[in-house]
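Structure first, commentary second.
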Number of protein chains: 2
Amino acid sequence: MPKHALSAPEMIVLKLDNGYNVGIDSSKIARIEVVECRPFREYSLVPTVQFDPSLPLVKVVGTGGTIASRVEYETGAVKPAMTPQDLLELMPELGRIARLEVEVLFNILSENMTPHHWEQIALCVARTIERSDVSGIVIAHGTDTMSYTAAALAFALQNLPYPIVLVGAQRSSDRPSTDAALNFISAVITTLRAPFGEVVVCMHGTPSDTYSLVHRGVKVRKMHSSRRDAFQSINDYPLARVWPLEGRVEVLNRRFIPRKDKDSLRVIARFEPRVALVKAYPGFQPEIIDMLVDRGFKGIVIEGTGLGHINEQSIPSIKRAVELGVAVVMTTQTLFGRVNMNVYLTGRRLLEAGVIPCSDMLPETAFVKLSWVLAQTQDLNEVRKLMLTNFVNEINPIHTPDLYPRWPGT
Amino acid sequence: MPKHALSAPEMIVLKLDNGYNVGIDSSKIARIEVVECRPFREYSLVPTVQFDPSLPLVKVVGTGGTIASRVEYETGAVKPAMTPQDLLELMPELGRIARLEVEVLFNILSENMTPHHWEQIALCVARTIERSDVSGIVIAHGTDTMSYTAAALAFALQNLPYPIVLVGAQRSSDRPSTDAALNFISAVITTLRAPFGEVVVCMHGTPSDTYSLVHRGVKVRKMHSSRRDAFQSINDYPLARVWPLEGRVEVLNRRFIPRKDKDSLRVIARFEPRVALVKAYPGFQPEIIDMLVDRGFKGIVIEGTGLGHINEQSIPSIKRAVELGVAVVMTTQTLFGRVNMNVYLTGRRLLEAGVIPCSDMLPETAFVKLSWVLAQTQDLNEVRKLMLTNFVNEINPIHTPDLYPRWPGT
């Protein structure tokens with residue numbers, strides 16, 4: 001692999017059979033034996049092409065992540081591959097589908113995203129929607145926290161004229177198994193051709209390069225650390241399957257929000273950063289709730305057990321939190337299914353303490369939503385009302401038995 | 001439904017069509033109209049039966065939860081249904097399989113379980129294993145935290161002479177859809193006939209009453225808040241399928257730990273309660289790590305994003321925690337897949353800060369294991385060594401592509 005001339009000039013980087021890179025200190029190498037030597041491969045395999053001016057314009061917003069980077073073989077640097085020309089060279093098929101315009105908002109690993117970044121992305125999208133020359137928006141994003149950002153944009157930007165599509169890659173574009181191209185092309189097809197007015201995630205539908213799936217941004221979760229089909233809809237069906245070779249969007253879920261007129265766009269792009277997502281576990285220490293309250297947190301999302309429980313020792317601390325004006329909401333760590341706090345004593349006591357039950361919202365979606373709600377109001381009655389309002393299908397009222405995946409060998 | 005004479009004498013309780021009960025204050029009822037009247041049904045449908053003394057003896061340990069309770073129609077109280085005669089009346093099929101002996105250790109909702117309860121259950125099981133007249137052990141447990149207790153017992157009790165089987169119910173035994181009987185009978189069959197020397201969870205394998213699945217205690221998770229087939233193996237195959245009508249155990253996973261000689265039983269039944277399970281999210285506030293350290297927590301399990309990440313702002317706090325002797329371990333909130341902290345910069349920096357990567361261990365299992373390890377040693381080098389040791393297959397070295405479930409419609 002090319003040397004990282006600036007960051008680690010003494011390291012030799014080898015690409016391993018498993019696709020990962022390993023760095024070796026060159027001062028510790030006693031001998032290098034050449035087993036096989038191949039001729040130097042030209043960097044650019046695709047001739048420079050021009051975009052067809054008759055094609056619709058898609059705005060690509062760069063935020064970072066694996067999809068937006070490539071190793072530059074001349075200099076050895078890993079740098080954003082985010083000019084329209086870069087994207088066309090990586091994915092020549094794009095030249096038949098759309099013209100691209102790129103704005104690199106920032107280039108960060110997605111674990112470093114914050115509510116402030118969500119606001120910046122939302123405002124960039126809102127500005128773009130106002131333009132009459134743009135027909136779709138694709139956001140390149142790291143996969144680690146992509147579903148959180150998707151949920152944030154879904155609440156911040158409602159009544160959309162076309163799908164706002166988040167896309168990423170689980171394998172970098174210098175690996176033969178990269179999923180970047182298929183995902184990106186599918187994302188462009190989705191924003192142009194899908195009938196949804198929703199914020200969605202578009203990622204591989206299977207481990208192979210056959211199709212992508214479009215997931216509702218408030219109902220999707222990264223369910224595997226490394227698979228290409230890591231993203232899955234939870235408590236809802238994927239909105240669509242995209243066949244990139246055919247350029248076709250196959251709608252799978254009829255309960256989608258349709259495209260709306262541009263003028264009806266609703267933008268509320270603020271998020272309260274003093275919200276915590278707290279997981280319940282046996283022996284959970286109620287002092288954690290007390291500490292958050294005492295340090296001025298405005299909201300606490302509990303990822304409870306089962307139908308929405310936490311140990312009874314925590315109830316006085318939760319009661320105190322609510323009395324001091326902190327919003328406490330309940331979700332379930334089972335991920336699948338719905339919170340129902342009327343069945344067992346613990347649930348009823350938590351409701352009495354003022355906990356807001358979040359139905360079948362994912363814990364991550366409830367976290368994002370509470371952050372969005374608390375930026376609008378800190379009146380707990382209003383917070384409750386907004387948390388229980390179904391804005392963008394973050395609550396699915398209809399669970400059919402087949403919404404639960406089938407585990408292998410069972 | 002019978003009145004709760006002691007707790008709520010003024011309430012009339014109705015069983016609704018959906019199976020749940022609703023209480024109505026009798027002082028607010030203006031008129032009751034009798035639509036249909038059926039003759040009084042005798043409480044006990046099964047004649048009192050005796051256990052066949054030639055059958056093997058199974059010890060049932062009661063800890064609470066839905067499976068261990070029933071409505072007593074004479075007095076109206078919900079009370080533990082945990083005498084051998086109770087169990088036989090509820091499940092007459094048991095009379096052909098085993099003799100039962102019951103010990104009610106406690107009767108708590110499983111969200112109120114603590115590491116101290118794990119210790120008590122483990123010691124009770126260890127005492128029972130010493131007895132030559134007992135051929136199997138079944139533990140009745142609430143489902144909310146059953147997988148945590150299963151993991152705790154798996155670490156506390158190694159080299160087992162027969163499977164230690166945790167069993168519960170998602171629907172109470174006063175509902176037509178109860179899963180209590182099928183699960184309980186399957187659990188008794190498992191402890192007597194399965195070839196495993198492991199702590200396992202035995203619960204419904206499908207939504208209907210066909211078979212149960214036996215899951216390895218360290219690899220199982222409640223994945224749905226209400227379905228009968230809520231429990232699923234993650235990053236591993238279920239150990240077996242149990243056909244209760246045939247009394248048959250069908251082994252599904254050949255990588256099981258076989259039964260061991262009684263004398264080789266290894267008991268380490270202590271758990272450190274000052275351990276926290278902390279979930280990473282965008283904008284995660286590093287002060288949460290600082291607060292836990294300052295309040296004397298001994299261990300922190302991070303449920304990170306993707307391959308095992310948390311925001312870079314938290315790295316100094318994590319470094320400080322490790323420097324002050326607090327064990328910090330990393331798992332992934334994707335649940336499926338493995339932590340790999342060598343791929344991206346954030347992972348490498350976390351490793352440098354002293355974070356211990358937990359491979360494909362579930363966050364909940366890593367939490368229980370760290371609590372178990374810290375009760376043995378607080379030397380961080382020792383803690384690291386023990387966390388990375390694969391004691392009871394809590395780490396699965398072999399992930400095949402089909403270990404990931406298939407989502408409907410995809």
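The values are calculated or read from the model by the stated rules, or taken from the named source; none is laboratory data. A quick note: this is a predicted structure, and the numbers were derived from the prediction, not measured. Counting neighbours? That spans all protein chains shown, and the Cβs are built from the backbone with ideal geometry, glycine included.
Observations on the structure shown:
- Some residue of the stretch A:183-197 being free of Cβ contacts under 8 Å to residues at least 40 places away in the same chain and under 26 Å from A:P92 (Cα atoms): no
- The residues of the stretch B:292-311 that are closer than 14 Å to A:K222 by Cα and part of a strand (DSSP E or B), listed by number, are B:E303, B:G304, B:T305, B:H309.
- Residue within the stretch B:319-341 that is at pLDDT below 95, over 23 Å from B:S233 (Cα atoms) and not hydroxyl-bearing (S, T, Y) present: yes
- Scanning the stretch B:156-195 for residues that are surrounded by 21 or more Cβ atoms within 10 Å (Cβ to Cβ) and out of contact with any helix residue (DSSP H, G or I) (no Cβ under 8 Å at 6 or more places or on another chain) turns up B:T178, B:D179, B:L182, B:S186, B:A187, B:I189, B:T190, B:T191, B:L192, B:A194.
- Unmet criterion (only one of (1) surrounded by fewer than 14 Cβ atoms within 10 Å (Cβ to Cβ); (2) modelled with pLDDT of 95 or more) for A:T400: (2)
- Qualifying positions in the stretch A:352-387 - touching a strand residue (DSSP E or B) at 6+ places or on another chain (Cβ under 7 Å) and either in the same structural domain as A:S147 (by TED's automatic domain parsing) or of a type in the set (A, V, I, L, M, F, W, C) (or both): A:V355, A:I356, A:C358, A:M361, A:L362, A:A366, A:F367, A:L370, A:L374, A:L380, A:V383, A:M387
- Subset of the stretch A:245-279 [crowded, with 23+ Cβ neighbours inside 10 Å and of a type outside the set (F, W, Y)]: A:V275, A:A276, A:L277, A:V278, A:K279
- Qualifying residue in the stretch B:112-128 (condition: within 14 Å of another protein chain (Cβ to nearest Cβ), farther than 25 Å from B:P53 by Cα and in a loop (DSSP other than H, G, I, E, B)): yes
- Evaluation of A:V249 against the conditions (1) out of contact with any Lys or Arg (no Cβ under 7 Å at 6 or more places or on another chain); (2) among the hydrophobic types (A, V, I, L, M, F, W, C); (3) assigned to a strand (DSSP E or B); (4) more than 10 Å from chain B (Cβ to nearest Cβ) shows that the sole unmet condition is (1).
- Any hit, the stretch B:340-348, residues being at the interface with chain A (Cβ under 8 Å from one of its Cβ atoms), in a loop (DSSP other than H, G, I, E, B) and without any contact (Cβ under 8 Å) to a residue 24 or more places away in the chain: yes
Residues checked against (1) under 20 Å from B:R175 (Cα atoms); (2) modelled with pLDDT of 65 or more; (3) exposed (fewer than 10 other Cβ atoms within 10 Å of the Cβ); (4) within 31 Å of the chain's Cα centre (by Cα):
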{"site": "B:V13", "(1), (2), (3), (4)": "yes, yes, no, yes"}
{"site": "B:R38", "(1), (2), (3), (4)": "yes, no, yes, no"}
{"site": "B:V46", "(1), (2), (3), (4)": "yes, no, no, yes"}
{"site": "B:K59", "(1), (2), (3), (4)": "no, yes, no, yes"}
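- Consider the stretch B:370-409 and keep the residues that are of a type in the set (F, W, Y) and closer than 18 Å to B:R270 by Cβ. The one that is nearest to the other protein chains (Cβ to nearest Cβ) is B:W372.
- When each of B:G64, B:G76 is tested for being at positive phi, modelled with pLDDT under 70 and not acidic (D, E), the lone residue that passes is B:G76.
- Those residues of the stretch B:312-336 which are surrounded by fewer than 24 Cβ atoms within 10 Å (Cβ to Cβ) and either at the interface with another protein chain (Cβ under 7 Å from one of its Cβ atoms) or assigned to a strand (DSSP E or B) (or both), in sequence order: B:E312, B:L335, B:F336
- The sole residue among B:F297, B:F367 that is under 26 Å from B:T149 (Cα atoms), touching a residue at least 60 places away in the same chain (Cβ under 8 Å) and facing chain A (nearest Cβ under 10 Å) is B:F367.
- Residue in the stretch A:228-243 that is out of contact with any Lys or Arg (no Cβ under 9 Å at 6 or more places or on another chain), surrounded by fewer than 22 Cβ atoms within 10 Å (Cβ to Cβ), over 15 Å from A:V392 (Cα atoms) and more than 8 Å from chain B (Cβ to nearest Cβ) present: yes
- Test: residue in the stretch A:282-293 that is surrounded by fewer than 19 Cβ atoms within 10 Å (Cβ to Cβ) and assigned by TED's automatic domain parsing to the domain that holds A:G205: no
- Filter result for B:P408 (outside the structural domain of B:Q232 (by TED's automatic domain parsing) and touching a residue at least 12 places away in the same chain (Cβ under 8 Å)): no
- If the condition is being in contact with a Pro (Cβ under 8 Å, 6 or more places away or on another chain) and among the polar types (S, T, N, Q), then the stretch A:228-278 contributes A:Q232, A:N253.
- Qualifying residue in the stretch A:259-279 (condition: within 11 Å of chain B (Cβ to nearest Cβ), in a loop (DSSP other than H, G, I, E, B) and closer than 29 Å to B:K369 by Cα): no
- Every condition in (1) within 14 Å of chain B (Cβ to nearest Cβ); (2) within 18 Å of A:R216 (Cα to Cα); (3) of a type in the set (A, V, I, L, M, F, W, C); (4) in contact with a Phe, Trp or Tyr (Cβ under 8 Å, 6 or more places away or on another chain) holds for A:V167 except the one numbered (1).
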